[in-house]
Amino acid sequence: MNVLIVTAGHSLFDAKGQLNSYLAYLTENYLSNHGYEVKFSDTTKHWDAEREVEKLLWADCIIYIVPIMWFNMPAPMVRWLNEVLIYKRTFVITDEYGEGGLLKANQFMIVTTSNMKRTDLGNCYVLRNTDHIDGVLQPLIMTSEYLSVRQQLPTFHADNVIAGDTQWIKEAYLAHLSARLPTIE
């Protein structure tokens with residue numbers, strides 16, 4: 001299986017983007033050692049749109065590794081999507097809205113980091129109507145579905161990453177990957 005890892009680790013306030021880079025490293029290492037073909041896109045670095053489109057068209061599965069910033073993707077990820085999702089290359093307009101995706105990938109996963117606590121979801125005022133992290137990630141989920149990548153693998157959310165303890169993340173994330181993307185024979 002061909003997997004494209006798209007990362008958007010980005011510095012904002014006390015966050016330096018290092019945890020997202022580390023999660024990308026763990027992902028690439030895990031997949032490469034378990035029979036997957038892997039390509040990598042870092043939206044915070046210089047990239048060529050044509051090469052990025054080719055990676056998208058190559059992928060069977062896309063793993064987005066993004067921090068949540070102001071309840072959305074960081075600006076480099078938005079810019080990447082704006083410039084890489086090219087009409088007649090990655091999608092076409094159809095009579096039924098959202099049915100013109102041209103990607104062959106049928107699966108995607110979101111790996112996200114945030115400073116909110118899991119217990120904030122559905123409880124604090126700002127997140128009172130959002131009881132799962134996917135509620136915050138709707139722009140990326142809907143974009144994937146628009147491109148006809150319709151099977152969302154469960155999201156991994158590393159929460160409370162600035163103020164809290166992050167020692168649990170590596171083991172939990174590798175277990176998450178193992179359960180969702182097992183070894184290919």
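The values are calculated or read from the model by the stated rules, or taken from the named source; none is laboratory data. In this text the structure is predicted, and so the values were computed from the model without any measurement. Cβ coordinates were reconstructed from backbone atoms using ideal geometry, including for glycine residues, and neighbour counts include every protein chain displayed.
Laid out as a table, the results:
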item: Residue among GLN151, GLN107 that is surrounded by 17 or more Cβ atoms within 10 Å (Cβ to Cβ), under 30 Å from GLU54 (Cα atoms), without any contact (Cβ under 8 Å) to a residue 60 or more places away in the chain and not hydroxyl-bearing (Ser, Thr, Tyr); result: GLN107
item: Verdict on ALA175 being in contact with a Pro (Cβ under 9 Å, 6 or more places away or on another chain), of a type in the set (A, V, I, L, M) and surrounded by fewer than 19 Cβ atoms within 10 Å (Cβ to Cβ); result: no
item: Test for VAL78: is it surrounded by 13 or more Cβ atoms within 10 Å (Cβ to Cβ) and part of a helix (DSSP H, G or I); result: yes
item: Within region 151-169, considering residues that are modelled with pLDDT of 95 or more and assigned to a loop (DSSP other than H, G, I, E, B), the one nearest to MET116 (Cα to Cα); result: THR155
item: Single residue of region 65-75 satisfying the filter (surrounded by 15 or more Cβ atoms within 10 Å (Cβ to Cβ) and out of contact with any Pro (no Cβ under 9 Å at 6 or more places or on another chain)) that is modelled with the highest pLDDT; result: ILE65
item: Only listed residue being out of contact with any Cys (no Cβ under 8 Å at 6 or more places or on another chain), assigned to a helix (DSSP H, G or I), closer than 27 Å to THR183 by Cα and not aromatic (Phe, Trp, Tyr), chosen from GLU54, GLU50, GLU83; result: GLU54
item: Residue selected from region 9-25 under the condition crowded, with 17+ Cβ neighbours inside 10 Å and of a type in the set (A, V, I, L, M, F, W, C), by the criterion modelled with the lowest pLDDT; result: ALA15
